[in-house]
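Bear in mind these aren't lab numbers, they're just calculated from the coordinates by the rules spelled out. Source: prediction; values computed, not measured. Note: ideal-geometry Cβ built from the backbone for every residue, glycine included; neighbour counts use all protein chains shown.
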Amino acid sequence: MKTTLASYKNGNYNVMLLSDGTKIRYGKDGEEFDAAFPESVDLNITDWCDIGCSFCYRGCTEKGQHFRFNEKYLDSLDFKPGMEIALGGGSPIKHPDLDKFCEYFAKRGCIPNITVHWSSMSMVKGGDLEHLQHLQADGLLHGIGVSVPFYDATVMRAMKFYLKNTVVHVIAGLIDTNAVYQWYKTGIPVLVLGYKDMGRGKINNPEDGIEIWHEIYLLKDMVSGIADGSGLPDFESTYGPVPDDVKPIISFDNLAMKQLELQELVPEEKFYEMYMGDDGIGGSLTSASMYMDLVSGTYARNSVDAKPHKIESGQTISEIFASLKKSC
């Protein structure tokens, strides 16, 4: 059953966020939405990570630093109630102050979410999965994105039966479309992220680029079958149809939409009904989202913005967001 997580006014319009992730914006007819502050913040709290993914666009390692929890500093930024805070890294689940961050944002009325590597779904006693369960049980964490490069039934069971509000994160070009379909038919929402050609993910070898773009092409073909209603008969014949009691959900970040040319696959009216706005990749910022790196003390329109800005002493999140809008 859907419940309302947050309801607030932002600039000249209103926002309602539901427990299943649905976001509804409404305002005066004919008036373009003009946000006073970001509705969601991609918040980097650590550059530390011990996994070493070959495609990591941030190039995180075990030499990376944590931003240690600082309540006074966070207070000065003045995060607003209802904001979605995506705690990221690095490996945020390994941050020694993670519980403090989650508790802080929950108490401010924000919606704390986190992204973790699929290995965190291991059922080892005292491991990451147990930690995530406790955070959710205590009301300190809402959504959990799990980054996966393949389909795994054990990971699926952990996400579906041991945690709440989970989302499968897949990267276009790095996951086989068969695996995407297997996740799709589980009913766990799937978020497709665009491939970031930077950091360790920088494509230096033409052969690697061909392989990545071939997978993106195949994924586009699959998404086309969903978008135009023609179905996915090839996948269904191998892995079975989507069960009648499952309502599959698939969504895309702005970079993935661009790489998959999603606007070509969906009728214009339907596209703009669901589209949440530009995140700065195309030069404008209408999505009411932004990126903030607490480790480096910088902010930007999005996590791949090549020109981050330094957070000035005393700047609030609203002032930072206003400066980003002006720079677009």
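One table, with the values for the structure above:
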{"read-out": "The stretch 171-286, dipole about Cα centre (Lys/Arg Cβ +1, Asp/Glu Cβ -1), debye to the nearest 20", "value": "340 debye"}
{"read-out": "Helical segments meeting 30 Å axial Cα length and Kyte-Doolittle 0.0 threshold in the chain (DSSP H)", "value": "206-227"}
{"read-out": "Percent breakdown of C-alpha pair distances by 10 Å bin, ordered from the shortest bin, for the stretch 1-121", "value": "12, 37, 30, 18, 4, 0"}
{"read-out": "Highest to lowest packing among 64-76, 20-32, scored as the average C-beta count within 10 Å", "value": "64-76, 20-32"}
{"read-out": "In sequence order, calculated HN-Hα J values of the stretch 50-66 (Karplus, 6.51, -1.76, 1.60; Hz; x Gly/Pro)", "value": "10, 8, x, 4, 5, 9, 4, 6, 8, x, 6, 9, 6, 8, x, 9, 8"}
{"read-out": "Cα convex hull volume per residue for the chain (Å³)", "value": "146 Å³"}
{"read-out": "Interchain or long-range residues, amide H under 5 Å from Thr61's placed H", "value": "Cys49"}
{"read-out": "Per-residue Cβ neighbour rank within 10 angstrom, fewest leading, Arg200, Arg301", "value": "Arg200, Arg301"}
